[in-house]
Amino acid sequence: MPHQKPNLPQKPCAGCGRPFAWRRKWARVWDEVRFCSQACRDGRHPAAKAVAREKSVPDAEMELRPLDRGRTTR
C-alpha cells in the first residue's frame, strides 16, 4: 500500500484553480504561495490563461466574445 499524506493543507492555485498540497520547501512561505507550478505562475498553463482572460475582461464583454479555441476561421 502506498504511503499517503492525508493531513497536509491544500489551497487552490491562483492560475488554474486546481487544488495543490503543502510541500516541505514551502514550509516558511506557505501563506505567500499562490501557484501550483512555474507554468501557472508564468501563465503557460491553458487553464491559467483562461482564468487570466476572464479576470481581465469584464463580464459584459466576455458574453459578446466568441470562444477562442486556437482555431482560425476561414
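The values are calculated or read from the model by the stated rules, or taken from the named source; none is laboratory data. Since the model is a prediction, treat every value here as computed from it, not as a measurement. When we count neighbours, we look across all protein chains shown, and the Cβ atoms used for this are built from the backbone with ideal geometry, even at glycine.
Out of region 13-23, which residues are over 16 Å from the mean Cα position of the chain (by Cα) and in contact (Cβ under 8 Å) with a residue 24 or more places away in the chain? Result: no residue meets the conditions.
A quick yes/no check of all residues on (1) at pLDDT below 90; (2) more than 13 Å from the chain's Cα centre (by Cα):
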residue	(1), (2)
GLN4	yes, yes
LYS11	no, no
LYS25	no, yes
ARG41	yes, no
GLU63	yes, yes
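The set of residues in region 11-44 that are surrounded by fewer than 12 Cβ atoms within 10 Å (Cβ to Cβ) and assigned to a loop (DSSP other than H, G, I, E, B) comprises ARG23, ALA27, ARG28, VAL29.
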